[in-house]
Amino acid sequence: MIKSNSNRFSILIYIFIIIWVFLASFPFFWTFWGSFKVELDFFSISNWYNAVTGKNTLDTYNSQFTGAGYEGAWVQEEFWKSFVNSAIVCFFVVLTSLTIGTLGAYALSRSNYKYTFWLLITALIFRAMPPITLVAGYLPPFFDWNIWGILPTTIIVLVSINQPFTLWMLHSFFQNIPKELDESAKVDGCSQFQAFRHVIIPVMWPGVITTGLFSFLLAYNDFAVTAMLLSDENRTMIPKIAAFLGTTYTEGNIMFAVAAVVSATVPLFILVMFFQKKIVSGLTQGAVKG
Amino acid sequence: MLIFIFLPIISVVLQSVHTPHENILITVENCDPFGCKKVTSIDHEATKNLNQSEPLGKFVGLDIYFDRGHLAIEKLKLIWKNSENIFSFIQSLSDLPFYKAVFFTLTFTFTVTPIMLLLGLLIALGVNSINKRLRGIVIFFSLLPMIVTPLIGSIILFWMIDSRGIIGNLIQWLFDDPNLSLKASTTLTWIMLIVYGVWHAIPFSFIVFYAGLQTVPKDQLESAKIDGANKFEEVIYIIIPHLMPLITFVTLMQLMDNFRVFEPIVGFSAEAHATSLSWIIFNDLGGETRQLSAAATSSILTIIGVIILLSPVLLRTWRDFKFKK
């Protein structure tokens with residue numbers, strides 16, 4: 001009697017989990033599948049089943065799948081430019097914030113003064129403040145110096161918004177590396193820098209990669225800052241997609257936007273696939289320590 | 001770093017108390033063979049000079065804070081006088097753009113946070129009790145709604161909810177009403193945004209709680225079992241108290257994240273029915289006019305809101321810190 005009861009309970013749990021996995025992933029598969037169809041199928045008035053079988057796509061292109069949306073987005077609407085811009089922005093944001101972050105956090109973690117509290121507070125406040133509140137402050141000087149709309153400006157802004165968080169994360173990571181490690185290196189005759197170079201750098205990669213992932217996500221996902229600070233031709237992917245929404249509805253080329261959305265999601269998908277463990281540990285690290 | 005963080009804040013504060021100069025008008029009498037006419041035109045020279053001498057614009061003090069677009073003190077008094085009870089007061093208050101945004105932001109924050117805490121905990125408990133091999137896959141799919149760009153996630157859902165999309169179709173079929181559209185009604189739009197918010201936020205609480213569940217001491221669970229506790233009692237009396245610090249942490253993070261809700265409104269094109277504080281700033285900044293001072297004022301008000309929201313936590317951390325010393 002007890003056994004069948006607990007069996008039933010675990011079946012319930014499985015059903016619940018399956019429902020959640022379905023809810024979490026179905027929209028992505030649906031949109032991915034639909035992005036190879038024509039608009040009449042993806043937004044089907046007559047029968048939703050058309051989106052699965054691609055009836056109208058078959059009529060138009062003699063095949064159930066078509067890359068027309070992708071071609072339109074990447075070639076005609078020059079989505080590749082945004083893709084390149086996104087790549088540049090993400091690369092440099094991650095690079096700069098990690099360089100400053102590792103050096104700064106290492107110094108902080110080895111200093112005796114209690115910076116921790118203030119660091120935490122700044123990181124917290126910046127996490128809480130909508131980045132857009134700062135943008136209003138950036139705009140007038142950027143207009144004055146004529147550096148509005150170009151990529152380097154945006155990179156600097158994103159790095160500085162992200163920096164407190166990066167510092168905080170790396171700081172708690174460096175504190176886990178025992179002080180004895182670099183002290184023993186110093187005893188062996190290393191200078192402070194040599195100790196960092198030869199002893200700390202080889203063991204710091206896990207934490208650096210985790211932090212890098214989060215800076216990447218911030219730079220990649222940002223909409224408010226990039227939309228405000230970049231001129232039209234320098235747009236990264238996310239503001240570009242937002243701009244698509246305005247223009248494509250009128251032109252009836254909504255499939256371009258669908259294709260662009262799928263293209264922008266794929267890198268994230270791959271990222272999660274390879275770095276799942278790192279992302280999870282990064283998310284929980286802050287929780288357990290904070 | 002300091003330059004890029006504190007200067008903008010100062011600049012925002014400065015901007016919020018200034019307003020752009022009005023154009024200086026001059027009246028010139030133009031005489032031609034058919035008579036004389038008085039023409040009023042903009043004195044570009046003088047306007048330019050004025051703008052150069054005081055680039056920030058006219059100093060107006062707190063006027064912008066009190067104008068119709070923001071705190072609307074005058075209107076507020078009027079409404080207060082005219083409304084009979086508190087409900088009609090709130091009703092007419094929500095016609096003012098700033099208060100409308102505040103209402104939505106607060107509603108969003110305080111509905112999404114508890115729902116996602118509860119569901120995240122349930123999913124974490126569920127995943128914790130299923131087969132170990134399956135867990136990796138479940139976690140992979142669970143991460144997706146959170147990792148994906150908020151704007152993209154909301155656009156994807158928006159397309160499905162569209163009356164020609166699959167969820168839209170399903171809902172029409174369920175309610176047997178072919179003209180039902182989620183976008184048309186304010187209540188439904190709010191519900192849609194909240195559902196999206198929950199969907200987006202669950203993974204975070206799930207992952208954190210799941211990690212917390214791994215550290216629940218086994219012997220406590222066993223002794224509870226011996227004492228005759230069932231699964232439900234185990235959760236209430238052992239697991240939840242153990243997770244309490246994590247619950248506080250997640251709540252705090254989510255309060256902050258939900259307070260700055262912005263992308264879903266753009267993604268769902270819901271600005272006609274729901275606006276948030278961040279959206280107001282974005283709207284002022286964008287477009288042809290770039291109303292910097294209006295945006296700056298909203299920014300300051302938002303920052304004040306964030307500080308109020310966080311003040312209990314900040315105080316507690318400060319006390320903990322002092323205590324540790």
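Any read-out appearing in this document is the output of simple, stated calculations on the displayed coordinates, not a laboratory observation. The structure displayed is predicted, hence computed values, not measured ones. All Cβ positions, glycine included, derive from the backbone under ideal geometry; neighbour counts span all protein chains shown.
Please work out whether region B:122-246 counts as rounded, prolate or oblate from its C-alpha gyration tensor, where a ≥ b ≥ c are the square roots of the eigenvalues and a/c under 1.5 means rounded, while otherwise a/b larger than b/c means prolate and anything else oblate? If you can, show how the numbers build up before the last one.
On the way: a/c = 2.84, a/b = 2.28, b/c = 1.25.
Since a/c reaches 1.5 and a/b is larger than b/c, the shape of region B:122-246 is classed as prolate.
Taking each residue in B:266-272, count the Cβ atoms of any other chain within 10 Å of its Cβ, then average. What number comes out?
Working: counts 5, 4, 0, 3, 0, 0, 0.
The shielding value for this peptide is 2.
So if R0 is 51 Å, what FRET efficiency would B:Leu170 and A:Ile201 give, r being the distance between their Cβ atoms, rounded to the nearest 0.05?
On the way: r = 54 Å, r/R0 = 1.07.
With a Förster radius of 51 Å, E is 0.40.
Suppose we keep just the alpha-carbon trace of region B:97-324; what are its Rg and Dmax in angstrom?
20.9, 70
Would you mind ranking B:His200, B:His242, A:His198 so that the residue whose beta carbon has the fewest other beta carbons within 10 Å leads the list?
Values: B:His200 23, B:His242 16, A:His198 13.
Listing B:His200, B:His242, A:His198 from fewest to most nearby Cβ atoms yields A:His198, B:His242, B:His200.
Using 0.36 nm per residue, how much length does the chain from A:Phe91 to A:Phe269 gain when fully extended, once their Cα-Cα distance is taken away?
62.3 nm
Nothing charged except the Cβ atoms of Lys and Arg (+1) and of Asp and Glu (-1): what's the magnitude of the dipole of region B:97-324 about its Cα centre? Round to the nearest 20 debye. Walk me through the numbers before you get to the answer.
Working: 15 positive and 14 negative charges, 118 e Å.
In debye, rounded to 20, region B:97-324 gives about 560.
Take every residue in peptide B:295-305, count the Cβ atoms of other chains within 10 Å of its Cβ, and give the average of those counts.
Values: counts 7, 6, 1, 3, 8, 2, 1, 4, 6, 0, 2.
That average works out to 4.
Shielding of A:12-21 by partners, i.e. mean partner chain Cβ atoms within 10 Å per residue?
Details: counts 1, 8, 5, 1, 6, 10, 3, 2, 11, 10.
Average neighbour count from other chains, rounded to a whole number: 6.
Can you pull the one-decimal nm distance between simple spin-label points at A:Phe32 and B:Ile226, each 7 Å off the Cα toward Cβ?
Spacing of the two 7 Å Cα→Cβ label points: 4.9 nm.
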